[in-house]
Each structure stands twice: as C-alpha cells, then as structure tokens.
Amino acid sequence: MTDSAIVYVLDDDTSVRAAVEDLLASVGLAVRSFASAAEFWQFWQAPEAGAQERPACLVLDIRMPGVSGLEFRRQMLERGLALPTIFITGHGDIRMGVEAMKTGAIEFLAKPFRDQDLIDAIQQGIARDRLRRAGEGVRREAQQRWQRLSPGEQDVVRLVVRGRLNKQIAAELGVSEVTVKVRRAQAMRKMDAASLADLVRAFDRLDGA
C-alpha cells in the first residue's frame, strides 16, 4: 500500500500536524502537511514533479480559520479534485458529521481518535484512490483506441453496440454489407476486442462517443 502513496494533512494546529506526521511515518507512509487551505492550493497549483500522480488521501480538520474543512471539501469537488477525505475535529457534532459524510468523506473522527482508526481510514482512502486512478487509466486507453478508428468505423461501432445487424447497419449508413463487415473487423482489432461483449465494454468506457 505504501509504495508511492502519500497522505496530505490539512490542520491549523501545529501539534496535531506533528502527531499525525509521526504516526504515519511509523507505518511507512509519506506525508505532506499544510496549515491552511491557501497553503494547500498553492502547492497543488504548482506541485512537485509527479505529486498529482501519486495515490493519495487527505486528512482534513473540519474547523479552521478562514476556509473551513467543509468549505475546502466543497472547493475540492468544484475543482474536480477527487482526493478521498477523512475529516477530523475536536468540536464535532452529529449534524456536522452528517454534513461531512454527505460530501463523500470516508470517515469523520472526533479528537482524540484512536491511532488505528485513522490508519484504517487512510488505508481505505488510498485503496479507493488507487481504484479510481486505475479506472481512469482504462478509460484513457479506451479513448486512445477509439481515436484510432476512422469516422466510418466509429459509425459502425455505434450501431453495433445498439444491437443492429450488419444488413441494418449497411442500410442505415448507405454502404454495402461487405463494407460494414470490413469496418467492423478493423474496429474490433483497433479496440482490442475479441468479441462483441468486449466491444460493448470498451465503448461503455468512452465519454461522449
């Protein structure tokens, strides 16, 4: 789990940041801490090489001066930043916890929390981020393969996945059935699809095809 992962900690309390850093270092996790939302965004907009490519999660204090943890989480979502998030707080209540979980947070931990509870939540967050990144990689590969198809091959695939027969596709596109068969075979080769089911799954990974 710890090969290239990193945990970001955002808390205005110096002692909390230090304690979390020590805890995570003790289990072999890389960590980067920030005292404010502004400090985090400054780092994220001009990150160290490869920083945004690492599986990660965020430990976020819910109450901070200026931008609160909940507001920061909303900013993340608006900017498309999908970091799995664990809220921590010394002043939590049920309403605040519910609101935090509604933003898609993994966990809401009240200080002082058990070290193992935080570690477990972080493990879950990093695992979730790995899965998300893997899924994005599969979608990018499908998009790249799709771009290799000619417009005619793309037209055939769109109709194939809708269940049209070759004869129906030929009539709809105004081409011969032989042409449809050739384009279909070429498209399946370029999409690395060994079967119709493979082709449908590959097409489903595309955005706006």
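Checking GLY66 against (1) in contact with a helix residue (DSSP H, G or I) (Cβ under 7 Å, 6 or more places away or on another chain); (2) surrounded by 13 or more Cβ atoms within 10 Å (Cβ to Cβ), which single condition isn't satisfied?
If we test GLY66 against (1) in contact with a helix residue (DSSP H, G or I) (Cβ under 7 Å, 6 or more places away or on another chain); (2) surrounded by 13 or more Cβ atoms within 10 Å (Cβ to Cβ), just (2) comes out false.
So that you can scan it fast, the table gives a plain yes or no per residue for (1) at pLDDT 95 or above; (2) basic (Lys, Arg):
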| position | (1), (2) |
| --- | --- |
| ALA110 | no, no |
| ARG132 | no, yes |
| ARG145 | no, yes |
| VAL156 | yes, no |
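Checking ARG162 against (1) outside the structural domain of ALA30 (by TED's automatic domain parsing); (2) in a helix (DSSP H, G or I), only one condition comes out false. Which one?
(2)
Looking at this structure, is GLY104 in the same structural domain as SER26 (by TED's automatic domain parsing), in contact with a Pro (Cβ under 9 Å, 6 or more places away or on another chain) and loosely packed, with under 14 Cβ neighbours inside 10 Å?
The answer is yes for GLY104.
Identify, from the list GLU71, GLU78, the residue that is assigned by TED's automatic domain parsing to the domain that holds ASP13 and more than 15 Å from the chain's Cα centre (by Cα).
Every option except GLU71 fails the conditions.
Would you pick out the residues in the stretch 165-187 that are loosely packed, with under 14 Cβ neighbours inside 10 Å and not in a helix (DSSP H, G or I)?
LEU165, GLY174, SER176
Looking at ASP155, ASP120, ASP115, which is the one that is over 20 Å from the mean Cα position of the chain (by Cα) and closer than 30 Å to PHE87 by Cα?
Every option except ASP115 fails the conditions.
Consider VAL7 carefully, then state whether it is surrounded by 19 or more Cβ atoms within 10 Å (Cβ to Cβ), closer than 19 Å to LEU77 by Cα and among the β-branched types (Val, Ile, Thr).
The answer is yes for VAL7.
The values are calculated or read from the model by the stated rules, or taken from the named source; none is laboratory data. Computed from a predicted model, the values in this text were never measured in an experiment. For neighbour counting, all protein chains shown are included, and Cβ atoms are generated from backbone atoms with ideal geometry for every residue, glycine included.
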